[in-house]
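To keep things clear, I will list the structure first and then write my remarks on it.
The values are calculated or read from the model by the stated rules, or taken from the named source; none is laboratory data. It should be emphasised that the depicted structure is a prediction, and the values quoted were computed from it without experimental measurement. Glycine also receives a Cβ, built like all others from the backbone with ideal geometry; neighbour counts cover every protein chain displayed. Note: areas computed on protein heavy atoms with side chains; ligands, DNA, RNA excluded. Shrake-Rupley method; radii C 1.70, N 1.55, O 1.52, S 1.80 Å.
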Amino acid sequence: MQRRFDQLDDVWPTGLGRRLGAMLYDAFLVAAIWIAIAVLHVAFVRYVLGLGPEDVGAGEPQRMTLQLLLLIGAFVFFAFSWMRGGMTLGMQAWRLRVQTLDGRSITLMQSLVRYVVAWLSLAAFGLGYLWVLFDRQRRSWPDIVSGTQVVVLPKATRR
């Protein structure tokens, strides 16, 4: 169920600096998730499958399984965060929110598209994110392809 965000008149498109700051914060969180997944994968291979220490990580199936689990783990983190409140922990720190063009939380399909295109943007030497510098609406490739936008939220007012 998509929720409608408030403060839609008080937000503005995000520039490259804030995006990179949030991406750096989130990279540390994803690294922690990946470490946990790798530890669980090694424990499963060692103690459930009963392979010896010298056999851990040997062979294509183990490597491919771990890589798939790492990609899925990162996707679950981002999709859950984006769909729930429109922001990851790094985005919260930089007051950013991802939303649909009409100001709603994004769907699972939009999250998947954003996630895949984000990897492609990084694989293209970051060009997908540098695109923000050339786009009039400050959109990156993930924004354009998924039909979403990343906006800056106003500072909270103290009462």
Exercise. Leaving out ligands, DNA and RNA, what percent of the accessible area of the range 12-128 is carbon and sulfur, probe 1.4 Å?
Worked result: 78
Problem set entry | Choice from Ser140, Ser105, Ser121 showing the highest fluctuation, given a GNM over the chain with Cα pairs closer than 10 Å | Ser121
Exercise. Just the accessible area for Val116, please: 1.4 Å probe, Å², rounded to the nearest 10?
Worked result: 70
Exercise. Which length gain, in nm to one decimal place, applies between Trp12 and Lys155 when the Cα-Cα distance is subtracted from 0.36 nm times their residue separation?
Worked result: 50.3 nm
Seminar exercise, completed: Among Ala93, Ala58, Ala79, the residue with the largest mean-square fluctuation in a Gaussian network model of the chain built from Cα contacts under 10 Å is Ala58
For this session: Extending each Cα 7 Å along its Cβ direction at Val39 and Leu120, get the distance between those two points in nm, one decimal.
Result: 3.6
Problem set entry | Structure-based [θ]222 nm, the chain - -39500 (n - 2.57) summed over DSSP H runs of at least 4, per residue, nearest 500 | -17000 deg cm²/dmol
For this session: Could you provide, to the nearest whole Å², the per residue accessible area of the range 39-159 with probe 1.4 Å?
Result: 61
Exercise. How far is it, in nm, from the label point at Leu68 to the one at Leu127 when both lie 7 Å from their Cα along the line to the Cβ?
Worked result: 3.1
Exercise. Taking Cα pairs under 8 Å and at least six residues apart, what relative contact order does the chain come out at, in percent?
Worked result: 33
Exercise. Comparing Pro13, Pro61, Pro142, which has the greatest mean-square fluctuation in the GNM of the chain with Cα pairs linked when under 10 Å apart?
Worked result: Pro61
